[in-house]
Structure formats: C-alpha cells, structure tokens
C-alpha cells in the first residue's frame, strides 16, 4: 500500500481492463438514458489535458515576481488577480495565494480527500492524492521536503495548509537569485508545479541552463 | 462518514511519498472518462460536492485503500447513481441500460463545459454575524458524527487561533446529507505542531485547517 497508484498498478493489469470495461459500460448506460452527452465528456477530458495546468500558475507567480502591485492584489484576492491577467485559464472562487518568505515556507495538503487548485495547477499528481502524502504532510513536512530534495534553512518555519473547505491554495515561491532583469516569460520557466504546492522550490537559472544544454 | 479511512492526517505506515517523473494527466483513458462523467452528473445538481465526497468515504476501508483515486471516484459515482434512482443495480450488473432514463433538471452540453471547469462559488449570504474575529483563541470541538464532516480527527479538541475570516460558506456537514446549504462562517484556524502532535513535535511547524463555525468554541 505504498500509494494509490502502486496499488492500482499492482492489481496485475486486470484492474485496467476490468476498469476499462466497467467505465465504458457505465458511460453507455448514462448516454442511453440521456443523462450525459459524450461530446461534452470529450471536451472535459480535453480541457483537463490542455487548458488547465501548472503553466497557468507559473504565469501568475512570474507576474507577481516582476509586478509588486500585482503581487499585492494576488495576496488580497487571488481569484480576482488571476482573472485580471486575461491569459490564464479562468479561475473560480476562493483561490488564496500564500507567499513564501525567508521566515515562512508554505505547504499545501488535503488530508481528507485531494482538494487542489485545478485551474492553476491542473489535476493533482498521484503523489498528492496518495496516502503517504495525505497522512504525513501535517505531521512530518520536513521529512517530505527531504524526500522531494528541497533544502530549506533550518530556521525557516514550515506552515502546512490543510484544504478542508472550498478555499484553494497557491504557493508563491521566492524568486530565485540571479534572475535580475529576466522577463516574465523567462521567469515562468523556473516555476515548477511542486514549488506552487510547497513540496519543492523553483528551479535555479543554472538548472534551466543545464536543461537547455541537454536538448538535442 | 466521519471517522472513516479517508481521514488520514497523522497516520503512520504508508511509506515514502513517491513522485513520478513526467507524470501524464491520465494514466489510462478510462480515468478521464470517469472524471468527465463525475463532472457531467455533478452538473445535474442532484447531489452536492460533499455528497460526492461522502459516497467515497463510505466505501469499505479495504476497497478505499486498495483502489486508485479514479477507481474510488468510479465506485462512488456508481453508488450515488443507484442511490438516487438514476441507474438500477440490475443495469450495472448487465452493463447496459434496461429502461428509459428519468428527467433531469439540466444536462451538461459541450457549450457548458468551460463553466464547469471553472470552480463554483460556495460563499453564501451570512444569516448572522461572525462569532469569532482574527486573533481570537478557539478550541475545536470534539465531535464524532456518523455523517460527513470536514473537521479532521487530528484537529479535534485542540487549541488554535483564528488567522483569517473567510466569509460565510455552504456547510458540508448538512449539504452532504441533503439537508441544505445551512451557510456557516469559515475561518482559517492555525495550530502549533506541538498542540497537535505533542511536546516531541518540531517547534518550527504549524498547521492550519479551514474550520466552519460549528466546529469551534471560544477558548
């Protein structure tokens, strides 16, 4: 029972085919009864795969790094601030931005299910929905940060946000050093999904340079 | 239900967190279909978001733990469709529709999809003034309802501080059982790690929950 995904994998491939059959059967029942329109289902899947995702959150964070007025608005009302940009997928009610500082590092979890800011980060990864993360984040966040390879100064306080209501949280990580004069688009390349959940840190300019260098 | 297997905060024994590099959005085609069916049926407003959560929380514990996220969604959806008389158990067993469907209030069309991807608003007009204000010390109630609640076990009977007043929101505990929105004030309440986990806990850790007013009493 290491995590959800593993148990699913370990169901010896038969779960996949069994689930495929059961899900297809249910969709055919719901369609025959006139409850769902398969074309609408197709669009939902497509939106999940293309429109929502961490590219939205990365643009919001990058803008906050270059525009102090925007950052102020973001911390006051993240839904309003995100929608004001016009270039991120529309964000619904009660998005809350949490600013990391040298004093405090924020980390987000949902111990009761898997609440996650879909519009700005996409669908949650398997680890976020898994029993190890949901059980340990509120008790052993430093252990989790270590597993993610995120190193924080020992004096940094860790604040965990358990998403127990319909408020949703977006961590605004600290801007990496060595990025003076970078454009919003360049900065967005440094903002990882995990840095906006609080289990990771943004990439450094050196990491980006390394990635570019390894491209064929 | 309240004290069921979904309430995992502070449990031991599940092992390390294992991120998957370059994880796809869906690991199999059926996962996307389950998500889409869930959204489309949720659009009919026959149940609330917390009614949906409750149907998964009440899966047998071994089924819950032994199922992937989307398998839980599927099992919860099947259960809800049957409970609301939308699909018969005989139809689930047969794998096909055996009768005409009943009428729905509304049905999701492709044109509606963009609005369902955007989150709904759960804030409601306040029926009364907020009982607590920022910096108030509060104690979470020790409640153990047999029905759905969003007060995790690890945060019951604990001393905390109101950090933010979030407005008045749909109350999950009533919405989940079809007893209406019953709007309640919502607060961010922060606890020290030591209050939650004891004197051996790391003093540099604090944890907050989003707590509805009925979960709280003055401290």
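The values are calculated or read from the model by the stated rules, or taken from the named source; none is laboratory data. Remember, it's a predicted structure, so these values are computed and weren't measured experimentally. No Cβ is skipped: glycine too gets one built from the backbone with ideal geometry, and neighbour counts run over all protein chains shown.
Results for (1) in contact (Cβ under 8 Å) with a residue 12 or more places away in the chain; (2) more than 24 Å from residue A:81 (Cα to Cα); (3) surrounded by fewer than 17 Cβ atoms within 10 Å (Cβ to Cβ), shown as yes or no for each residue.
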site	(1), (2), (3)
A:137	yes, yes, no
A:161	yes, no, no
A:165	no, no, no
A:168	yes, no, no
A:175	yes, no, no
A:189	yes, no, no
A:192	yes, no, no
A:201	yes, no, no
A:210	no, yes, yes
**OP:** Scan the stretch A:126-156 for residues that are in contact with a strand residue (DSSP E or B) (Cβ under 9 Å, 6 or more places away or on another chain) and under 25 Å from residue A:94 (Cα atoms) and report the count.
**Re:** 6
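When you scan the stretch B:123-140, how many residues do you find that are under 14 Å from residue B:187 (Cα atoms), touching a residue at least 24 places away in the same chain (Cβ under 8 Å) and not in a strand (DSSP E or B)?
Result for the stretch B:123-140: 8.
Do we find that residue B:15 is within 18 Å of the chain's Cα centre (by Cα) and at the interface with chain A (Cβ under 7 Å from one of its Cβ atoms) in this structure?
The answer is no for residue B:15.
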**OP:** Being at the interface with another protein chain (Cβ under 10 Å from one of its Cβ atoms) and assigned to a loop (DSSP other than H, G, I, E, B) is the filter; apply it to the stretch B:47-77 and report the residue that is surrounded by the fewest Cβ atoms within 10 Å (Cβ to Cβ).
**Re:** B:67
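Only residues that are within 7 Å of chain B (Cβ to nearest Cβ) and either modelled with pLDDT of 55 or more or surrounded by fewer than 19 Cβ atoms within 10 Å (Cβ to Cβ) (or both): list them for the stretch A:1-14, please.
Within the stretch A:1-14, A:1, A:2, A:7 qualify.
A quick yes/no check of all residues on (1) surrounded by 10 or more Cβ atoms within 10 Å (Cβ to Cβ); (2) under 22 Å from the mean Cα position of the chain (by Cα); (3) more than 7 Å from chain A (Cβ to nearest Cβ):
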site	(1), (2), (3)
B:92	yes, no, yes
B:106	no, no, yes
B:109	yes, no, no
B:134	yes, no, yes
Subject >> Answer from B:101, B:160 - the residue that is more than 17 Å from residue B:215 (Cβ to Cβ) and either assigned to a helix (DSSP H, G or I) or touching a helix residue (DSSP H, G or I) at 6+ places or on another chain (Cβ under 9 Å) (or both) >> reply: B:101
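Which residues, taken from the stretch B:150-168, are free of Cβ contacts under 8 Å to residues at least 60 places away in the same chain and more than 20 Å from residue B:126 (Cβ to Cβ)?
Residues satisfying the conditions are B:156, B:157, B:158, B:160, B:161.
If you take just the helices (runs of 4 or more DSSP H) that sit entirely in the stretch A:20-121, which of them hold at least 3 residues that are within 13 Å of another protein chain (Cβ to nearest Cβ)? Reasoning before the result, please.
On the way: elements: A:38-46, A:54-66, A:68-76, A:78-85, A:118-121.
It comes to A:38-46, A:54-66, A:78-85, A:118-121.
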